[in-house]
Each structure stands twice: as C-alpha cells, then as structure tokens.
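Data block below; observations after.
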Amino acid sequence: MINGTSKTSVKSANLSDQEQFETALFYQENLMLKFNIVAADWATLKQDAQFIRERVFIQEQQIDAAEEWDAQDPISLHFVVYADLKPIATARLLDNNSIGRVAVLKAYRGQGIGQLLMLDIIQQAQKQQRKALKLSAQVHAIAFYQGLGFKVEGAEYLDCGIPHRDMSLIF
C-alpha cells in the first residue's frame, strides 16, 4: 500500500521501456512526498548506511561482517532513503557503474521504496552521462530489477553463499 491505495506494478507487457520508466517516475514523485533520498559520500552517510546494511546483510542474511565492508565504500556515491528522518534503505554507486549493497529494512519492504531508491540512482547515473549500469542481483530480486529495465547476463553464481546473477541496464 502506498498512501492508503494499492500499489500498481510499473511493469506491463503493453508499455514500452520509455513508458514504463515514465510510469515509474510518476510513482517516484508521489513517494517522494513521504520519503527523502540523500546522495553523498561515505563520510556523510556512513552511520545511516551501516545501520541499514548491518540489519539487512549481516543480521538477516547472515553475511560475515568482513565480507560486507570493503574498500569500495570510501570511494562510492552512497544513497540513503529516510522516512521522517529515520534511515530505511540504502545503496551505493561505484565509479565502474556498478550498483551495490541495495538494502531496505524489513518493515519498509513492499512499499515501493526499493524502486524509489533505484530510480534515483538511475537518474543520477544519467545526469553523470554514464552509458550503462550493472549490478549483481540476488536471484530472488531478479524480477524487481527486470521491472526497472535491467537484463540478466551470464550464469548464476554464489556470492557470500547466496545465489546471484549479473544484470545490466543500457541507456
């Protein structure tokens, strides 16, 4: 549910990729009334991004903390979604056009927040004139990323013991 109404899927077989993207932007604009996204460096968003990633990846998914924190954090652009000043979702955009560490707190899933976050990252990448984006999707999330226009590439593999597939979005 979004603002008391049922959530409508952005993906439709009858819509072109551009129409799907415009529909997604419409939902993003409506969700922005309720949520705020901040994009900044690691020093600025570290505390809030760590809070979310610790709960989602380390506690829920049992990923070893040594695997979660890496040298990419200090050199990536980070995004945090806030609801009433509370951090509820995060992701990062690397210099090599990879999106990673996409996480939404459990209590906020299914409300379009992940989509809101990803659309903001996609818009940022387009403003930076990047030609494409890539990510390593947990297999259970492939349909979510496909709904944003990402295409599956390559075979399934394990990352931190979790099945993943590479995906890309060409602008």
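The values are calculated or read from the model by the stated rules, or taken from the named source; none is laboratory data. Note that the structure is predicted; figures quoted are calculated from it, not measured. Cβ sites come from the backbone with ideal geometry, for glycine too, and all protein chains shown count toward neighbours. These accessible areas exclude ligands, DNA and RNA; they are computed on the full protein's heavy atoms, side chains included. Shrake-Rupley method; radii C 1.70, N 1.55, O 1.52, S 1.80 Å.
Take the conditions (1) over 15 Å from the mean Cα position of the chain (by Cα); (2) surrounded by 15 or more Cβ atoms within 10 Å (Cβ to Cβ); G147 misses just one of them, which is (1).
For the stretch 42-54, a tally of residues being open to solvent by less than 80 Å² (accessible area, probe 1.4 Å) and in contact (Cβ under 8 Å) with a residue 24 or more places away in the chain returns 7.
Scanning the stretch 98-113 for residues that are of a type outside the set (V, I, T) and either touching a helix residue (DSSP H, G or I) at 6+ places or on another chain (Cβ under 7 Å) or in a helix (DSSP H, G or I) (or both), which turns out surrounded by the fewest Cβ atoms within 10 Å (Cβ to Cβ)?
Residue satisfying both the conditions and the ranking: A107.
Within the stretch 114-136, the set of residues being open to solvent by 20 Å² or more (accessible area, probe 1.4 Å), under 24 Å from K86 (Cβ atoms) and aliphatic (A, V, I, L, M) is empty.
Do we find a residue being open to solvent by less than 20 Å² (accessible area, probe 1.4 Å), among the aromatic types (F, W, Y) and more than 20 Å from H164 (Cα to Cα) anywhere in the stretch 75-86? Yes, the stretch 75-86 contains at least one residue that is open to solvent by less than 20 Å² (accessible area, probe 1.4 Å), among the aromatic types (F, W, Y) and more than 20 Å from H164 (Cα to Cα).
As a summary of the residue check, R165 satisfies the conditions (1) open to solvent by 20 Å² or more (accessible area, probe 1.4 Å); (2) closer than 21 Å to D41 by Cα; (3) part of a strand (DSSP E or B) except for the one numbered (2). A Cβ distance below 7 Å, combined with a sequence gap of six or more or placement on separate chains, defines the contacts here; from the stretch 80-102, residues that are over 15 Å from D70 (Cβ atoms) and touching a residue at least 24 places away in the same chain (Cβ under 8 Å) reach residues that are open to solvent by 10 Å² or more (accessible area, probe 1.4 Å) and of a type in the set (S, T, N, Q) in the pairs Y82/N36.
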